[in-house]
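The values are calculated or read from the model by the stated rules, or taken from the named source; none is laboratory data. All values derive from a computational prediction rather than experimental measurement. In this analysis, Cβ positions are derived from the backbone assuming ideal geometry, glycine residues included, and neighbour counts consider all displayed protein chains.
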Amino acid sequence: MCLMRREVNLNSMITLKARIAFNGDVEKLINAAVAEYKATLPEDKSACPKCGQQAYQVTTITIPIAKAVVKNVPTWKCSNCGDILYGLRLLADIESVIGDATGEIDFNDLLKPN
């Protein structure tokens with residue numbers, strides 16, 4: 001129930017922001033947000049949940065999202081055990097932006113203004 005309430009609040013917030021800044025066009029709001037997005041990872045290098053070492057390094061990976069393969073997605077990878085950390089919110093945003101696209105997509109191209 002709580003998750004559902006957060007989704008409704010998020011959708012309401014997105015709709016409101018779209019109405020204020022883009023005459024109600026949610027797609028334009030999302031495209032503007034993507035254009036402004038700066039690919040960053042957390043500053044603090046916490047211990048790896050798998051091996052316990054503080055061995056994360058910033059890297060990029062290629063992952064399938066929806067019907068496409070997205071390369072150069074920023075992540076942290078443990079140099080000790082290979083565990084990978086990435087933001088689920090980032091993946092959801094990528095999926096939202098690419099829609100029904102297929103084939104290979106470079107994450108950096110998603111950051112460029114249309």
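Return the total of residues in the range 1-25 being closer than 19 Å to R89 by Cα and either at pLDDT 80 or above or not hydrophobic (A, V, I, L, M, F, W, C) (or both).
The number of residues fulfilling the criteria is 8.
Among the residues of the range 60-90, just one is modelled with pLDDT of 90 or more, in contact with a Lys or Arg (Cβ under 7 Å, 6 or more places away or on another chain) and in a strand (DSSP E or B), namely T62. Remark: L41 matches the filter, which requires a residue to be of a type outside the set (S, T, N, Q), surrounded by 14 or more Cβ atoms within 10 Å (Cβ to Cβ), touching a strand residue (DSSP E or B) at 6+ places or on another chain (Cβ under 9 Å) and modelled with pLDDT under 80.
Cβ contacts < 7 Å: first residue in the same structural domain as Y56 (by TED's automatic domain parsing), restricted to the range 85-113; second residue of a type in the set (F, W, Y), any location; separation 6+ or different chain. Result? Hits for this filter: L85/Y56; L85/W76; L111/Y37.
Inspect the range 45-58 for any residue being closer than 19 Å to E95 by Cα, modelled with pLDDT of 80 or more and either in contact with a Lys or Arg (Cβ under 6 Å, 6 or more places away or on another chain) or outside the structural domain of S96 (by TED's automatic domain parsing) (or both) and give the result as yes or no. The answer is no; no qualifying residue exists.
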